[in-house]
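All remarks here apply to the structure that follows.
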């Protein structure tokens, strides 16, 4: 279950501040989170020993999202909001109607609420928060830092600090956006997997490959051999839509798809992985390496994705892994 940390003024028990914060939490935030299957909590709900500030920082940095309640202009709330924004955490902002946001955050989307009976009965603000949650889900729970690109800190140019993680491959790119990886590369395009079948569904993929290879782009494809002894161990039969034989049929179809394409251009080469075993699906271009690990307990669509920029250690490791499997499965090596 995902978790939401609520950044909120709390105040002493029995005070108007506490009562207002409790009302917002109980009647707006919690119903919205319950509808989305998310556990919401505030710092005063935690009774573990330790420094409150340490627990607060951990919550902001580690929970899946935050909600910041700006009603009352509490300085601690603004401080914690700044921490969340600096860390690039997904944040939903709330403020009572009549509260004007400070200039620096005026452009941020905010759920303005009140406790009028009709609005509460119709769950107007609950629905607004749910809509924000659905938007975050669609983006893979990603949020940008508001001043990204404006600082000169040398770390901002460190590729290892720019590796993106998304919890679900299905939320990473749609089919056409996967095709953008090929459209935007010039020198190299590599893909590897058990059955890298998504490329068949990219509109104009064949023509684009021919265009790219004619311009000098090197395209390499690695597909697991159906006789690779590791293949059955990679597949959880309980997750197959049909059966293992159907998976092999799909594997052969993907192989034939790329072999037919390779027959039309010398710039595309296809090899089958008989020696060794890939532990992730990979697509690598001039700019990016996109890795989806293979998990026995989850289908690929429900597996996470790492996107590493060229120059990062993960990008280089992915390149090395592809090259090692490529060399190990050279046709002459498999024939001997």
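The values are calculated or read from the model by the stated rules, or taken from the named source; none is laboratory data. Keep in mind the model is a prediction, meaning the values are calculated, not measured. Positions of Cβ are backbone-derived with ideal geometry, glycine not excepted, and every protein chain shown enters the neighbour counts.
Applying the condition of being in contact (Cβ under 8 Å) with a residue 40 or more places away in the chain and within 22 Å of the chain's Cα centre (by Cα) to the range 57-80 and asking which residue is nearest to residue 112 (Cα to Cα) yields 67. Give the residue, chosen from 248, 240, 231, that is more than 23 Å from residue 178 (Cα to Cα) and modelled with pLDDT under 90. That would be 240, the only listed residue that is more than 23 Å from residue 178 (Cα to Cα) and modelled with pLDDT under 90. Please enumerate the residues belonging to the range 167-179 that are part of a loop (DSSP other than H, G, I, E, B) and either within 18 Å of residue 214 (Cβ to Cβ) or in contact with a strand residue (DSSP E or B) (Cβ under 9 Å, 6 or more places away or on another chain) (or both). Those that are part of a loop (DSSP other than H, G, I, E, B) and either within 18 Å of residue 214 (Cβ to Cβ) or in contact with a strand residue (DSSP E or B) (Cβ under 9 Å, 6 or more places away or on another chain) (or both): 167, 168, 172, 173.
Residues checked against (1) loosely packed, with under 14 Cβ neighbours inside 10 Å; (2) at pLDDT below 95; (3) not assigned by TED's automatic domain parsing to the domain that holds residue 117:
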{"position": "14", "(1), (2), (3)": "yes, yes, no"}
{"position": "17", "(1), (2), (3)": "no, no, no"}
{"position": "36", "(1), (2), (3)": "no, no, no"}
{"position": "53", "(1), (2), (3)": "yes, yes, no"}
{"position": "57", "(1), (2), (3)": "no, yes, no"}
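Against the list (1) at pLDDT 90 or above; (2) over 12 Å from residue 169 (Cβ atoms), the condition residue 290 fails is (2). Among the residues examined, residue 266 qualifies as under 19 Å from residue 218 (Cβ atoms) and either surrounded by fewer than 19 Cβ atoms within 10 Å (Cβ to Cβ) or in the same structural domain as residue 327 (by TED's automatic domain parsing) (or both). Here residue 122 fulfils each of the conditions (1) at pLDDT below 95; (2) out of contact with any strand residue (DSSP E or B) (no Cβ under 9 Å at 6 or more places or on another chain); (3) surrounded by fewer than 13 Cβ atoms within 10 Å (Cβ to Cβ) apart from (1). Could you tell me which residue of the range 285-319 is nearest to the chain's Cα centre (by Cα), considering only residues that are under 23 Å from residue 195 (Cβ atoms) and surrounded by fewer than 13 Cβ atoms within 10 Å (Cβ to Cβ)? This residue is 301.
For the range 85-119, filtered to residues that are within 27 Å of the chain's Cα centre (by Cα) and farther than 19 Å from residue 63 by Cα, the residue that is surrounded by the most Cβ atoms within 10 Å (Cβ to Cβ) is 111.
Which residues, counting only those in the range 225-246, are surrounded by 14 or more Cβ atoms within 10 Å (Cβ to Cβ), under 29 Å from the mean Cα position of the chain (by Cα) and farther than 17 Å from residue 302 by Cβ? Don't jump to the end; show me each part of the working.
So in the range 225-246, the residues surrounded by 14 or more Cβ atoms within 10 Å (Cβ to Cβ) come out as 225-226, 228, 230-231, 234-235.
This time we only want the ones that are under 29 Å from the mean Cα position of the chain (by Cα), so: 230-231, 234-235.
Matches in the range 225-246: 230, 231.
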